[in-house]
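Everything below concerns the one structure shown next.
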Amino acid sequence: MSPAESDEEFTGIHCRLDELLAERGMSLTELSAAVGVSIVNLSVLKNDRARAIRYSTLRAICEALECDVGDLLVLAAR
């Protein structure tokens, strides 16, 4: 497997951050300020490119968006 293929590996997890932000009328910049995570790192998560997330970050995002982890992260169809 080439490095490009391994970078595009399907994790089976989809992050609904974009949808949740839209539902709440909140921007990525506002969420970044609320949770203390950079816009770049939130963008990586939003675009399903994250390989890992800290529990503390996950909790902070869920608190700011007033949602549960299962609302944010879902199993994706292949």
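Looking only at residues that are more than 20 Å from Thr11 (Cβ to Cβ) and within 12 Å of the chain's Cα centre (by Cα) in the range 39-64, which one is surrounded by the most Cβ atoms within 10 Å (Cβ to Cβ)? Don't jump to the end; show me each part of the working.
Within the range 39-64, the subset more than 20 Å from Thr11 (Cβ to Cβ) is 39, 56, 59-60, 63-64.
Pick out the ones that are also within 12 Å of the chain's Cα centre (by Cα) and you get 39, 59-60.
Numbers: Ile39: 14, Arg59: 12, Ala60: 16.
Once the filter is applied, the top-ranked residue is Ala60.
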Among residues of the range 1-21 being modelled with pLDDT of 80 or more and in a helix (DSSP H, G or I), the residue surrounded by the most Cβ atoms within 10 Å (Cβ to Cβ) is Leu17
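The values are calculated or read from the model by the stated rules, or taken from the named source; none is laboratory data. Since we're looking at a predicted model, the values are computed, not measured. When we count neighbours, we look across all protein chains shown, and the Cβ atoms used for this are built from the backbone with ideal geometry, even at glycine.
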